[in-house]
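Only one structure is covered here, and it is reproduced in the block below.
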Ligand code: TXE
């Protein structure tokens, strides 16, 4: 069996790989298990040095990695370079974090009580196709820093950058068996990792539906899970906001990565009194998004990941939209930037589209904005645009989401925690919080009596 890897911008095959099954997954877990005692015992200083070396190699090989990611996902090359730069930063961060996650000493009677953060063992990392390298690094960084060994399962559609990263890890001196990449189907290889008795934890990013299955499967062996699932984030624009700025930033917040982003602000909530003006500005800004060849330095948005996914995205647009942009009619899974007007009960506002379709939804006042924003099973991120600082913080506290930005649409930073409320999952990635999910607290009491 083989996996055929396609460039979504040209529909051409760019690689054919052997497809792993249960046997290969088991072998990868066995390699990771054998490597664990040695990796756990590597001194913090040396582990940090190896991660820093990996970060440096990612920088040195940045252009190659960006090209792989651009070809395999259809990402515009300029954006892909930025993503690879973040991957290097993530490894730099966790290289520095290795010896900074301290234990505690706790006052107790009769002795000394202290805590340690112990690695879990072998962890399974299951990642999606939308940000293959970035999301892999968000899990690999803390997992390796804490002393775990890993089996990484990239999405079937986008395995190439993970394989290259594993090669660089070996070149960096990270011992054989510490990082194992298995290219295979989610329901076979992924499922096996979830059920495998020697896998202590699953770090998963993907759909809420599959995440639910991962959680169920993990119950059998009481595996730890971190789930980063879907989103339906609100971009809330109050009439007192700088409308030019809010409208100018809104397309990037939903059309970046062709909307295939769990943080996509795909519900744009606008206060009634500013609605018409904002819609005009938003259409103008969306007209400025250049859709086309991902290898072109000036391209803002590439194609969708697959033909099947394009059909799903198209199914969300019924009737004539408020605005539809241009897209190439050549080969490739192209879909134009699309703006629709909706209520929060419409399917386009309830389900994750994961494509370049944004829904404009009007609201009357602050209470209604909060009610609509929270009226979703998801809770990953969101934005608030206003010039009223008190309101900004009031609304930020009222939103049921893990990440909020004020007068900005950014959700992800290397040093800050990222993750969801409600059905967007649980556990936090990135920053020092990311280490919690890859280590266990051990409490040791040392008697001083006798
Ligand atoms: O995700 P899947 P898909 C959402 C988005 C998208 C939809 C479907 O709405 O349109 O999900 O995308 C592996 N046991 N997100 O089908 O299937 C799979 O091989 C274990 C949001 O790609 O969830 C891949 O490696 N693993 C999301 C990973 O899970 C399994 C990012 C994700 O695939 C498995 C991606 C199983 N039974 C999609 N079945 C986000 N949070 O950004 C599949 N996998």
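Read the figures in this text as sums done on the coordinates, not as results from a lab. Predicted, not measured: the structure shown is a model, and the values here were computed from it. Positions of Cβ are backbone-derived with ideal geometry, glycine not excepted, and every protein chain shown enters the neighbour counts.
Remark: spin-label model distance residue 219-residue 239 equals 5.0 nm, labels positioned 7 Å along the Cα→Cβ axis.
Look at 381, 266 and count the other Cβ atoms within 10 Å of each Cβ; fewest to most, that gives 266, 381.
Considering only Cα atoms, the convex hull volume of the chain works out to 149 Å³ per residue. In the elastic network of the chain, a GNM with C-alpha springs shorter than 10 Å, the most mobile of 197, 107, 356 is 107. Inter-label distance, residue 85 to residue 415: 1.7 nm, where each label sits 7 Å from its Cα along the C-beta direction.
Taking every DSSP beta bridge that has both ends in the chain, the antiparallel portion is near 35%. Against the chain, whose longest principal axis comes from its Cα atoms, helix 160-172 is set at around 40 degrees. At an R0 of 60 angstrom, the distance between the Cβ atoms of residue 306 and residue 443 translates into a FRET efficiency of 0.80.
Based on other C-beta atoms within 10 Å, arrange 280, 297, 351 from fewest to most. Spell out each step's value before the answer.
On the way: 280 12, 297 9, 351 17.
Taking fewest neighbouring Cβ atoms as first place, the list is 297, 280, 351.
Here the sum of -39500 (n - 2.57) over DSSP H runs of 4 or more residues, divided by the residues of the chain, equals -12000 deg cm²/dmol at 222 nm, to the nearest 500.
In the chain, the longest principal axis of the Cα atoms and the axis of helix 132-145 are about 30 degrees apart. Rounded, prolate or oblate for the stretch 370-432? Axes are the square roots of the Cα gyration tensor eigenvalues, ordered a ≥ b ≥ c, and the cut-off for rounded is a/c under 1.5. Since a/c reaches 1.5 but b/c is at least a/b, the shape of the stretch 370-432 is classed as oblate.
Given contacts defined as C-alpha pairs under 8 Å and at least six residues apart, what's the relative contact order of the stretch 1-76, whole-number percent?
Numbers: 42 pairs, mean separation 27.6, N = 76.
RCO, the stretch 1-76: 36 percent.
The overall shape of the stretch 320-416 is prolate: from the C-alpha gyration tensor, with semi-axes ordered a ≥ b ≥ c, the ratio a/c is 1.5 or greater and a/b exceeds b/c. Round to the nearest 10 and give me the degree value, 0 to 90, for the angle of helix 77-97's Cα axis relative to the longest principal axis of the chain. Once rounded, the angle reads 30 degrees.
How big is D, in µm² s⁻¹, for the stretch 1-96 by Stokes-Einstein at 4 °C and 1.567 mPa s if Rh is the Kirkwood radius over C-alpha pairs? Value of D from the Cα-based Kirkwood radius: 82 µm²/s. Label sites at residue 388 and residue 283, each approximated as a point 7 angstrom past Cα along Cα to Cβ, lie 2.9 nm apart. Please identify which residues in the stretch 359-386 have an amide N closer than 16 Å to a label point set 7 Å out from the Cα of residue 408, following the Cα→Cβ vector. So the set is 381-386. Working from Cα pairs under 8 Å separated by at least six residues, relative contact order for the stretch 287-350 is 29 percent. Once the Cα-Cα distance is subtracted from the 0.36 nm per residue extended length, the residue 108 to residue 252 segment shows a gain of 46.5 nm. For the chain, a Gaussian network of Cα nodes joined below 10 Å ranks 364, 249, 25 by mean-square fluctuation, and the top entry is 364.
Of interest is the spacing of the C-alpha centroids, which for the stretch 137-155 and the stretch 18-41 amounts to 13 Å. Backbone N atoms of the stretch 162-205 closer than 15 Å to the 7 Å Cα→Cβ label point of residue 56 belong to residues 169-174. Counted residue by residue at 0.36 nm each, then reduced by the alpha carbon distance between them, the extension gain from residue 368 to residue 176 reaches 63.6 nm. Using C-alpha pairs under 8 Å with a sequence gap of at least 6, the mean separation divided by the residue count of the chain gives a relative contact order of 19 percent.
Which of rounded, prolate or oblate describes the stretch 263-358 when judged by the alpha-carbon gyration tensor and an a/c cut-off of 1.5? Walk me through the numbers on the way to the answer.
Numbers: a/c = 2.21, a/b = 1.36, b/c = 1.62.
Cα axes put the stretch 263-358 in the oblate bin.
The length gained by stretching the chain between residue 16 and residue 116 to full extension, at 0.36 nm per residue less their Cα-Cα distance, is 31.5 nm. Just to be sure I understand: with springs between alpha-carbon atoms less than 10 Å apart, which residue in 116, 278, 91 has the highest mean-square fluctuation in the Gaussian network model of the chain? Highest fluctuation among the options: 116.
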